[in-house]
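The values are calculated or read from the model by the stated rules, or taken from the named source; none is laboratory data. Since the structure is predicted, the reported quantities are computational estimates derived from the model, not experimental observations. Glycine gets a Cβ as well: all are built from the backbone with ideal geometry, and neighbour counts include every protein chain shown. Each accessible area value is taken on the protein alone, full model and side chains, heavy atoms only, with ligands, DNA and RNA left out. Shrake-Rupley method; radii C 1.70, N 1.55, O 1.52, S 1.80 Å.
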Amino acid sequence: MPLLDILVYPDDRLRQVAAPVSSVDNATRNLVDDMFETMYDAPGVGLAATQVDVHQRIVVIDVSEDKDQPLTLINPEIVSTHGKLAGEEGCLSIPGIYETVDRAESIVFKALDKDGVAYEREADGLLAVCVQHEVDHLDGKLFVDYLSALKKRRIRKKMLKHEK
Ligand code: NI
């Protein structure tokens, strides 16, 4: 299984809105496997297909300490949100940058799993934040979009400098 290349901000392809997966097949499952491998290798706790330049609504997450609780979200939807939580976030597409972002404290979300089976679940803490962050990716949104224009500009500059 190959490691996939992760797009780095401010790459325009991170702004593309991902299309729903119409059927969960072997190609989907192979992509999910490669995404998990890429995420664990990075290492990170979540990865959206958008970040590997595949514009389908697929997310992989593992917030467990032992990295043994892989969670696949295909066509994820946030059904409801509760409360507010300000926490520090990072992103594999914005390496080395950590900023405080306001998110819902707990959520209910639904998605399809690797086998195409629908499920719904409640999440709070890191998992809730992670799901919100990754669903944003599928909509072409990044956590820096929640920051001030000045901060965002600084991060953009820093990332462009890194590229060279
Ligand atoms: Ni991210």
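Listed values, structure above:
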item: 1.4 Å probe accessible area per residue over region 32-164, in Å²; result: 51 Å²
item: Student exercise, region 71-164 dipole from Lys, Arg, Asp, Glu Cβ charges, in Debye to nearest 20; result: 880 debye
item: In region 40-118, chymotrypsin sites (Phe, Trp or Tyr not before Pro) in a DSSP loop with at most 15 other beta-carbon atoms within 10 Å; result: 98
item: Using θ = phi - 60° and Karplus 6.51 cos²θ - 1.76 cosθ + 1.60, couplings along region 121-127 (whole Hz; Gly, Pro as x); result: 8, 8, 9, 9, x, 4, 5
item: Net charge, residue 112 excluded, C-beta distance under 14 Å - Lys, Arg +1, Asp, Glu -1; result: 0
item: Sequence of 25, 12 when ordered by accessible area, the most exposed leading, probe 1.4 angstrom; result: 12, 25
item: Highest-fluctuation residue, 92, 150, 138 considered, GNM on the chain with Cα pairs under 10 Å; result: 150
item: Global form of region 43-85, assessed from the alpha-carbon gyration tensor, a/c cut-off 1.5; result: oblate
item: GNM top mover of 34, 66, 136 - the chain, alpha-carbon springs below 10 Å; result: 66
item: Inter-site label distance for residue 15 and residue 102 at 7 Å from Cα along Cβ, in nm; result: 2.5 nm
item: Heavy-atom accessible surface of region 50-164: percent carbon and sulfur, 1.4 Å; result: 47 percent
item: Selection from 80, 92, 44, by position along the positive dipole direction of region 35-137 (Cβ); result: 80
item: Amide hydrogen neighbours beyond the local backbone of residue 97, cut-off 5 Å, H modeled; result: 91
item: Of 137, 82, 55, the one that fluctuates the most in a GNM where the chain has Cα springs shorter than 10 Å; result: 82
item: Translational diffusion of the chain, µm² s⁻¹ [Kirkwood Rh, Cα pairs; Stokes-Einstein; 25 °C; 0.890 mPa s]; result: 153 µm²/s
item: The chain, dipole about Cα centre (Lys/Arg Cβ +1, Asp/Glu Cβ -1), debye to the nearest 20; result: 1040 debye
item: The chain: relative contact order as a whole-number percent, Cα under 8 Å and 6+ apart; result: 24 percent
item: Exposure of residue 155 as accessible area (Å², to 10), given a probe of 1.4 Å and all protein chains; result: 10 Å²
item: Global form of region 29-118, assessed from the alpha-carbon gyration tensor, a/c cut-off 1.5; result: oblate
